[in-house]
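Peer 1: One structure, pasted below without further comment.
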Amino acid sequence: MTATVRTRHAPAAVIGHDEVASSATVDVVDPFSDSVIGTTGIAEPGIVAQAVDAAADAFPGWSATPAADRAAVLRRAADLIENHASLAATVSGEMGMPISLAGVTQQSMPASVLREFACSLETFAFTEDIDGARLHRVPAGVVGAITPWNMPVHQIIAKVGAALAAGCTVVLKPSEATPFDALLVRECLLAAGLPAGALTVVNGTGESTGAALASNPGVAHVSFTGSVRAGRSVAANAAASLRRATLELGGKSPAVVLPDADLDAVVPRVLASGLVNSGQACNATTRLVLPASRATEAESIMAEAISAFRLGDPADPSTTHGPLASRTHTEKVLAHIEAARADGGRIVAGSGENLAIGRSRCFVTPVVFADLTADARAVREEIFGPVLVTQYYDDLADAIGIANDSDYGLSAEVWSARTESAVEVADHLDVGQVKINGVRTRERPAVPFGGTKNSGYGRELGAVGMAEFTEIKAVMS
């Protein structure tokens, strides 16, 4: 069974009700069928400037729209996204996400996030009295949202939904690898009653279109999700005009399993978390911090658990793991696996092989390495593929030290038979979010998400994420 995604073209931009063409295009390739499923135009700086101007023109009207009316738009859009006939299949065709995962994470979860923004609007403190002054949280202005390919709809909604809820207008630059789902999301929002100028879309590469958006002086706030390298560039562009930025960058998240945990129950769930979307998730638990006293037992369970994963056609509901998003990305992941072998890594589960399934050459079997030193690349660097490492500890202080020994600080998991013990460990972890005993981000759409260190700054989701797109004006009388 193969996903059917019609050949289509995403224009360089959609501004208001008009599509803007460009001569330069980029192919969009389905990594499973290994075929071009469409093209996307590239918005040059002049087109980006038009989009920003249109969003600025729409800002006074949308920012003055009552909060209850903005919330109603978001709720209607949530229903349209959740029930969309082809959104999950579009994402699956663009980047290879299994259809079962796409339905959960790219339709149900974004709908939940939008509904939570609507709820936050009902209680958000747009005004507050402090020491004889009235504080007003006012919409920042035009938001430039630059989103990645790995969780495309969710990342769009996390940024666009928050900005619209706050009363801002948005210029969205989706990944050139996943442009079609962005247009479908915009259609849902407009059908829900959003004014056309409140959300414009510009397509193209990060180097051209993304840089033009991040450096445009008409943008009040830039929100970016992507690599550390690109995040530094976005931050520099924003800083040149003294504009604020929210950066959600990479991760090398630890899963700390305490000695009292039931390994038979916990280890398969930790593996599933680390290998979700074939490891193409910024908060994937790619470092398994385990008690050395239970190493043999843990490795046996890992080997059995990985054998149950099913790689195959993303359109098949029984597929658990699809291909990686592109051949170029596959080669990068395979290079990381070879480096781990060269660094003395011992494979304890899986194989890390490049499989050919159908016409696709983008499948990599999951693999777990042990015996790597703390400075090995596979331990330090975000691989963004189905590659995990084990790190064994002797005592609790050692476990916390290993977990915190990272250039990243996005998220972590802690597992224990006693929730209180897990929470105590969580208090010592240098990350933006800690999940205890299997809680999932998708289950808590109001909880802020974001990181520290090289994982960036600022937060997304819920009222805190919405507040990112406001400025404070104090009126003293």
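The values are calculated or read from the model by the stated rules, or taken from the named source; none is laboratory data. All values reported here derive from a predicted model rather than from experimental measurement. Every residue, glycine as well, gets a Cβ built from its backbone with ideal geometry; the counts of neighbours run over all protein chains shown. Remember, those area values only see protein heavy atoms, side chains included, never the ligands or the DNA or RNA. Shrake-Rupley method; radii C 1.70, N 1.55, O 1.52, S 1.80 Å.
Peer 1: Relative to the longest principal axis of the chain, what angle (0 to 90°, nearest 10) does the C-alpha long axis of helix 263-274 take?
Peer 2: Once rounded, the angle reads 40 degrees.
Peer 1: Still on this structure, please answer the following. Using a probe radius of 1.4 Å on heavy atoms only, what accessible surface per residue do you get for the stretch 15-123? Whole Å² is fine. Walk me through the intermediate numbers first.
Peer 2: On the way: 4250 Å² over 109 residues.
I get 39 Å² per residue for this part.
Peer 1: Expressed as a whole percentage, what fraction of the accessible surface of the chain belongs to carbon and sulfur atoms when a 1.4 Å probe is rolled over the protein heavy atoms?
Peer 2: On the way: 9360 of 17800 Å².
Of all accessible area on the chain, carbon and sulfur atoms account for 53 percent.
Peer 1: Restricting to DSSP H runs of at least four residues, report the calculated mean residue ellipticity at 222 nm for the chain, -39500 (n - 2.57) per run over all residues, nearest 500 deg cm²/dmol.
Peer 2: Per the formula, -11500 deg cm²/dmol.
Peer 1: Probe of 1.4 angstrom, ligands and nucleic acids ignored: what's the accessible area per residue over the stretch 254-436, in square angstrom?
Peer 2: 38 Å²
Peer 1: Apply the Karplus parameterisation 6.51 cos²θ - 1.76 cosθ + 1.60, with θ equal to phi minus 60°, to every residue of the stretch 342-356 and state each ³J(HN,Hα) to the nearest whole Hz, in sequence, with x for glycine and proline.
Peer 2: After applying 6.51 cos²θ - 1.76 cosθ + 1.60, I find 5, 7, x, x, 9, 7, 10, 7, x, 9, x, 8, 8, 9, 9 Hz.
Peer 1: For the chain, evaluate the Debye formula with one uniform point scatterer on each Cα (no solvent term) and list log10 I(q)/I(0) at q = 0.07, 0.08 Å⁻¹, rounded to two decimals.
Peer 2: Each listed q maps to, in turn, -0.36, -0.47.
Peer 1: For a label point 7 angstrom out from the Cα of S227 toward its Cβ, which stretches of the stretch 398-434 have the backbone nitrogen within less than 16 Å?
Peer 2: Zone members listed by number: none at all.
Peer 1: A follow-up question, please. From the phi of every residue in the stretch 438-444, what ³J(HN,Hα) in whole Hz does the Karplus formula 6.51 cos²θ - 1.76 cosθ + 1.60 yield, where θ is phi - 60° and glycine or proline is x?
Peer 2: Ordered by residue, 3J(HN,Hα) equals x, 4, 10, 4, 5, 7, 10 Hz.
Peer 1: Mind listing the long-range amide H neighbours of E248? Cut-off is under 5 Å, sequence gap 5 or more, other chains count too, H placed in the peptide plane at 1.01 Å from N.
Peer 2: F224, T225, G226
Peer 1: Another question, then. Would you grab the residues whose amide H sits under 5 Å from the one on F363? Only those 5+ places off in sequence or on another chain, please, with H modelled 1.01 Å from N.
Peer 2: Amide H neighbours of F363, under 5 Å, 5+ apart: L324, L355, I357.
Peer 1: For D427 and A191, what is the calculated FRET efficiency with R₀ set at 56 Å and r taken between the beta-carbons, to the nearest 0.05? Walk me through the intermediate numbers first.
Peer 2: Details: r = 45 Å, r/R0 = 0.81.
According to the calculation, E is roughly 0.80.
Peer 1: I'd like the Karplus ³J(HN,Hα) series for the stretch 105-120: coefficients 6.51, -1.76, 1.60, θ = phi - 60°, whole numbers in Hz, and an x wherever there's a Gly or Pro.
Peer 2: In residue order, the calculated couplings are 8, 10, 10, 5, 5, x, 5, 5, 5, 4, 5, 5, 4, 4, 5, 4 Hz.
Peer 1: What is the extension gain from A236 to T419, computed as 0.36 nm multiplied by their sequence separation minus the C-alpha to C-alpha distance, in nm to one decimal? Show your work: numbers first, answer last.
Peer 2: Working: separation 183, 0.36 × 183 = 65.88 nm, distance 4.16 nm.
Gain in length upon complete extension: 61.7 nm.
Peer 1: Next question. Identify all lysines with a Cα-Cα distance to K453 below 19 Å; exclude those on the same chain that are fewer than 8 residues away in sequence.
Peer 2: K252, K435
Peer 1: How far apart, in nm, are two points set 7 Å out from the Cα along the Cα-to-Cβ line at V104 and at D394?
Peer 2: Distance between label points: 3.9 nm.
Peer 1: Sticking with this one: Report, to the nearest 10°, how far helix 228-240 tilts away from the longest principal axis of the Cα atoms in the chain, using its own Cα long axis and a range of 0 to 90°.
Peer 2: With both axes taken from Cα atoms, the answer is about 30 degrees.
Peer 1: Here's something else I'd like to know. Identify all aspartates and glutamates with a Cα-Cα distance to K173 below 18 Å; exclude those on the same chain that are fewer than 8 residues away in sequence.
Peer 2: Within the straight-line cut-off, K173 pairs with D18, E19, D27, E44, D53, E94, D181, E187, E207, E248, E460.
Peer 1: Quick one: which residues, 5+ away or cross-chain, put their amide H under 5 Å from the amide H of G432? H built at 1.01 Å from N.
Peer 2: Long-range HN contacts for G432: L410, S411, T452.
Peer 1: Right, something else. Taking R0 as 35 Å, what FRET efficiency do you get between V36 and N404 from their Cβ-Cβ distance, rounded to the nearest 0.05? Don't skip to the end; give the middle numbers.
Peer 2: Details: r = 44 Å, r/R0 = 1.27.
Between V36 and N404 the formula returns 0.20.
Peer 1: Suppose the chain between T7 and A125 were pulled fully straight at 0.36 nm per residue; how much longer would it get relative to their current alpha carbon spacing?
Peer 2: Working: separation 118, 0.36 × 118 = 42.48 nm, distance 4.61 nm.
Gain on extension, T7 to A125, equals 37.9 nm.
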